[in-house]
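A short worksheet on the structure shown next.
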Amino acid sequence: MDSENAASEETCRLSASEVGAPIEITTEAIQSKVSGFIVDIKSDIIIIKTRGMDGLDAKLPSGTEINVKCFIGENIYKFSTVVKDITFEPTILAIIAYPESIQREERRDKQRIECKIPCVLVIKENKIKACVQDISPTGCKCSLYNSSMLDRWSAKFLFEDNCAVEVVLPVGGTKKEQPVKGTIKYINTAYDKFDIGIEFQLSVEEERNILETILKRGW
C-alpha cells in the first residue's frame with residue numbers, strides 16, 4: 001500500500017462527499033510537504049485547511065503552482081493547480097483552483113489477492129475480530145465484524161490514520177497465529193461497513209514468510 005499503480009490511472013472529479021479527506025501539497029516554493037484536509041469543494045475552487053505552516057500567505061502567494069495528493073480510501077487522487085487566495089478569518093484556509101484534470105490511482109502497487117481470512121486486529125490494547133478481504137505483499141484491507149460495541153462514531157475515535165496495528169493471522173494448517181505489524185492508512189465507515197486499509201511494516205523474517213505462504217496458497 002506504499003506507492004501508486006500507474007496501470008489503474010483514470011481521470012475523475014471530486015465531490016462534496018470528499019470533504020474531510022487528508023491532502024498533501026508539494027511545490028517548488030516550499031522544500032517540505034504541506035499536509036491538511038479538504039474543507040469544501042465547489043465547481044471552481046477547493047478550500048483546504050493546512051497544518052503547521054506559519055506564514056503560509058508569504059510561502060504560497062496567489063498564482064503559486066502546486067501539486068496535490070488527496071487520500072480517499074483505497075485511492076490517491078493527484079492533480080496540479082494554482083493557489084487563488086489565503087484567508088485568515090475565522091481560520092487560515094488555502095483556496096485553490098479546481099483542477100482541469102484529476103488522476104485517480106490505487107494506493108498499492110502490488111496485485112491484490114481477494115480472500116476471506118479471519119484475523120484479529122490489535123490496536124491500542126484492543127483486540128477486534130475482523131476478516132481480511134484482500135491482501136498483497138505491501139498491505140491488506142480488513143472488514144470488521146458487525147458489533148453492537150463498535151458503531152461508526154466509536155470507530156472514528158479508535159482508528160486513526162498512521163496508527164500502529166497488528167494483524168494476527170492464522171498459519172495455514174496449524175493452530176499457530178502470527179502477528180504482522182502495520183499502520184492504518186484509512187477507515188471507511190460508509191453504509192455501516194467497517195473497512196480498514198493497512199500498510200504492512202514487515203520487520204522480521206517470520207512475518208515475511210507467513211505472507212509469502214498466504215499469497216502462494218491463494219486462500
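Coordinate-derived values only; no laboratory data. This is a predicted model, so every value here is computed, not measured. Positions of Cβ are generated from backbone atoms using ideal geometry, with glycine treated the same way; all protein chains shown enter the neighbour counts.
General observations
- Ser80, Ser17 arranged by Cβ crowding within 10 Å, fewest neighbours leading: Ser17, Ser80
- Each of Asp44, Asp85 has some number of other Cβ atoms within 10 Å of its Cβ, and from fewest to most they run Asp44, Asp85.
- Neighbour counts of other Cβ atoms within 10 Å put Phe200, Phe37 in the fewest-to-most order Phe37, Phe200.
- Cα-Cα separations in region 15-100 greater than 21 Å, expressed as whole percent: 19 percent
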